[in-house]
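Only one structure is covered here, and it is reproduced in the block below.
None of the figures in this text is laboratory data; all of them are computed from the coordinates on show. Source: prediction; values computed, not measured. Quick reminder, even Gly has a Cβ in these numbers, built from the backbone with ideal geometry, and neighbours come from all protein chains shown.
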Amino acid sequence: QVQLVESGGGLVQPGGSLRLSCAASGSIFGIKPMGWYRQAPGKQRDMVAHITSDSRTNYAGSVKGRFTISRDNAKNTVYLQMNSLKPEDTAVYYCYIQRLGRNYWGQGTQVTVSS
């Protein structure tokens, strides 16, 4: 099995920053693609950022230039640095890891952007 533990969410004012972390453990067997989705109340879960096993990245258009995804392969950890946060970034953020054709998900961490 694969386990993912997220941390770093919280309440931040518009224009502020947060850094999310997600540590993977268990039956991973090598470096796997990882990333982040988010889900706002009453909306579907949308991709935010993705990083491949060789650290190529892609982003949703709404976060490009504000968010940065990175990884530490030695720690099996993926990060999401979120800058210039907006109220519309408010959501539960879920990390995932891809292994053997399926995604494994974390439990989610709440990010609230409000004054």
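Here are some notes:
- Matching option when the condition is farther than 17 Å from Leu20 by Cα and surrounded by 12 or more Cβ atoms within 10 Å (Cβ to Cβ), among Ser62, Ser70, Ser84: Ser62
- Arg102 vs. criteria surrounded by 14 or more Cβ atoms within 10 Å (Cβ to Cβ), at negative phi and basic (Lys, Arg): no
- Listed by first and then second residue, the pairs linking a residue in region 62-80 that is touching a residue at least 60 places away in the same chain (Cβ under 8 Å) and farther than 11 Å from Ala24 by Cβ to a residue that is surrounded by fewer than 22 Cβ atoms within 10 Å (Cβ to Cβ) and of a type in the set (Gly, Ala, Ser), with Cβ atoms under 9 Å apart and 6 or more places separating them unless they lie on different chains, are Tyr79/Gly8; Tyr79/Ser21; Tyr79/Ser70; Leu80/Gly8; Leu80/Ser21; Leu80/Ser70.
- Residue list for region 87-115, filter: among the small types (Gly, Ala, Ser) and without any contact (Cβ under 8 Å) to a residue 12 or more places away in the chain: Gly101
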